[in-house]
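J.: Pasting in a structure now, in structure tokens, and then I'll have a few things to ask.
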Amino acid sequence: MLKYYAFMFLILGIGLYFVFIKDPCNNQVRTDFLNRFPGYEILDHGPSEGSRETVRCHISYRKPDSEEVYEDIWLYQDSGRGWEFSKILESRKQTGPGGDPGDRPRSDDPAASPSL
């Protein structure tokens, strides 16, 4: 019985390893974002939707010397050699206390699409 539990623990460990290592929203998006926008403060990031070919990563951040919080949705595609940044799908100011719910998506990337 102990062998069964050890085997299950090993399988679970391998699965978690591949989920966290192979998911671009864990570490790669942080590196890519800070390379594009040095000095910005990342508040949160993580996946929202995905398939074997594409993953959408949400990134919440603040610009330098600003208290406003923005959220981007970045698209990553599997190139066969690993995940590569494709484009910014959406970029918007988060609504909150004092936020204007009518804020339109904005983008610092000319290839970005305004909506999903």
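The numbers here are math on the coordinates, done by the rules we state, and not lab data. Note that the structure is predicted; figures quoted are calculated from it, not measured. Please note: Cβ atoms are built from the backbone with ideal geometry, for glycine as well, and neighbour counts cover all protein chains shown.
J.: For a quick check: sort Cys57, Cys25 by the number of other beta carbons within 10 angstrom, fewest at the front.
T.: By the 10 Å Cβ count, ascending: Cys25, Cys57.
J.: Let me ask another. Find how much the distance from Arg36 to Glu84 grows on full extension, using 0.36 nm per residue of separation minus their present alpha carbon separation; answer in nm with one decimal.
T.: 15.9 nm
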